[in-house]
1. Assuming Leu187 fulfils every condition listed in (1) under 28 Å from Ser56 (Cβ atoms); (2) open to solvent by less than 40 Å² (accessible area, probe 1.4 Å); (3) modelled with pLDDT of 95 or more apart from one, which condition is it?
2. Checking the structure you have, find out if any residue of the stretch 48-63 is in a loop (DSSP other than H, G, I, E, B) and more than 17 Å from the chain's Cα centre (by Cα).
3. For Lys86, only one of the following conditions fails: (1) surrounded by 14 or more Cβ atoms within 10 Å (Cβ to Cβ); (2) under 25 Å from Glu114 (Cα atoms); (3) more than 16 Å from the ligand (Cβ to nearest atom). What is its number?
4. Tell me the residue from Ser140, Ser132, Ser117 that is within 16 Å of Leu45 (Cα to Cα) and touching a residue at least 60 places away in the same chain (Cβ under 8 Å), please.
5. State yes or no: is Arg5 more than 29 Å from Thr144 (Cβ to Cβ), open to solvent by 50 Å² or more (accessible area, probe 1.4 Å), charged (D, E, K, R) and modelled with pLDDT under 95?
6. Only one of Tyr291, Tyr281 is open to solvent by less than 40 Å² (accessible area, probe 1.4 Å) and out of contact with any Phe, Trp or Tyr (no Cβ under 9 Å at 6 or more places or on another chain). Can you tell me which?
7. Mind listing just one residue for me: the one in the stretch 294-316 that is within 23 Å of the chain's Cα centre (by Cα) and part of a loop (DSSP other than H, G, I, E, B) and, of those, surrounded by the fewest Cβ atoms within 10 Å (Cβ to Cβ)?
8. If you check Leu136 against the conditions, is it part of a helix (DSSP H, G or I) and surrounded by 24 or more Cβ atoms within 10 Å (Cβ to Cβ)?
Amino acid sequence: MSENRSVITLAHLTKEKIEYLLQMAAEFEKHPNRKILDGKVVATLFFEPSTRTRLSFETAANRLGARVIGFADPKITSGTKGESLKDTIKMVSNYADVIVMRHYLEGAARYASEVTSIPIINAGDGSNQHPSQTMLDLYSIYKTQKTLYNLNIHLVGDLKYGRTVHSLLMAMRHFNPTFHFIAPKELEMPTEYKMYCHNNNIKFKEYKEFSEDTISNADILYMTRVQKERFTDLMEYERVKDLYILNNSMLGKAKENLKILHPLPRINEIAADVDDNPHAYYFQQAQNGLYARQALICDVLNITLQDIINDKTILS
Ligand code: CP
């Protein structure tokens, strides 16, 4: 987090800070409805489409008693008249206590954090990072595995453009994971993230084949969507979009504790027959986003875990 408490990436967080935020999320899961943010205003600025991230941030704020302003579509803002991102952020900073922003440009969230003194929470910047998704992913992993340590985590699909896998990889550096990167050549994990693994002693293996055997030792199978909107060559998208599809018949050798995660939305990379499989966890994962985002909003507003434990504003 930068000086003004913005959340741009989780890469710099200590293990203790990650565990602290997970404890906060657990408190909110016990009691999500409170008035602890009474009088606060949360702005959600979404320059790119979203269902889960925007709605769960807005639900998180609403359930804590804050009010929400913002937009889901930049076409209705003065950006269409030529207003710069800098001016937009400075204006919204006059009205809100925290800004949650999704933007299609890598680095936009960091830039926003440099032009305002109120905290920015990065809700996804291009192919770069998606830290609030990572908080809910970590919370989901912890809840289902009872630990974050020593796990085999298989990342499948669009590892090139997938900001969720980039964020997760960096945040897991404290917990001795072994990553298994399963992607076609066109979508393999970018070199900078493989270098990050080397520099942080994170073990990883790479595969082209996605099969029952490849995933038989997985604790977490993290599926991703091939992101059509990031391709400059649509022929390339057509070549790779249907390569990796998970179906029930591939789970015969799965470990008992395996959980299947997906940041969602999915297209066809998880067949519908998997939804009722006990290993499927992606809908609960999205629900965990509410608690993880409540924790992030409170943390950037200087509300501590102890404040939350002592909170007398609980409604239910
Ligand atoms: N996981 C995620 O970022 O979903 P949305 O694009 O719907 O917000």
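1. (3)
2. Let us first name the residues in the stretch 48-63 that are in a loop (DSSP other than H, G, I, E, B), namely 48-51.
Those left that are additionally more than 17 Å from the chain's Cα centre (by Cα): none.
Taking every residue of the stretch 48-63 in turn, none turns out to be in a loop (DSSP other than H, G, I, E, B) and more than 17 Å from the chain's Cα centre (by Cα).
3. Going through (1) surrounded by 14 or more Cβ atoms within 10 Å (Cβ to Cβ); (2) under 25 Å from Glu114 (Cα atoms); (3) more than 16 Å from the ligand (Cβ to nearest atom) one by one, Lys86 breaks only (1).
4. Details: Ser140 fails: within 16 Å of Leu45 (Cα to Cα); Ser117 fails: within 16 Å of Leu45 (Cα to Cα).
So the residue among Ser140, Ser132, Ser117 that is within 16 Å of Leu45 (Cα to Cα) and touching a residue at least 60 places away in the same chain (Cβ under 8 Å) is Ser132.
5. On the way: more than 29 Å from Thr144 (Cβ to Cβ): yes; open to solvent by 50 Å² or more (accessible area, probe 1.4 Å): yes; charged (D, E, K, R): yes; modelled with pLDDT under 95: yes.
So Arg5 fits the description; yes.
6. Working: Tyr291 fails: out of contact with any Phe, Trp or Tyr (no Cβ under 9 Å at 6 or more places or on another chain).
Just a single option satisfies the conditions, and that option is Tyr281.
7. Asn302
8. Numbers: part of a helix (DSSP H, G or I): yes; surrounded by 24 or more Cβ atoms within 10 Å (Cβ to Cβ): yes.
Considered against the rule, which asks whether it is part of a helix (DSSP H, G or I) and surrounded by 24 or more Cβ atoms within 10 Å (Cβ to Cβ), Leu136 comes out as yes.
The values are calculated or read from the model by the stated rules, or taken from the named source; none is laboratory data. Since the structure is predicted, the reported quantities are computational estimates derived from the model, not experimental observations. FYI the Cβ positions are ideal-geometry reconstructions off the backbone, even for glycines, and counts take in every protein chain you see. Accessible surface is based on the protein model in full, side chains and every heavy atom, while ligands, DNA and RNA are left aside. Shrake-Rupley method; radii C 1.70, N 1.55, O 1.52, S 1.80 Å.
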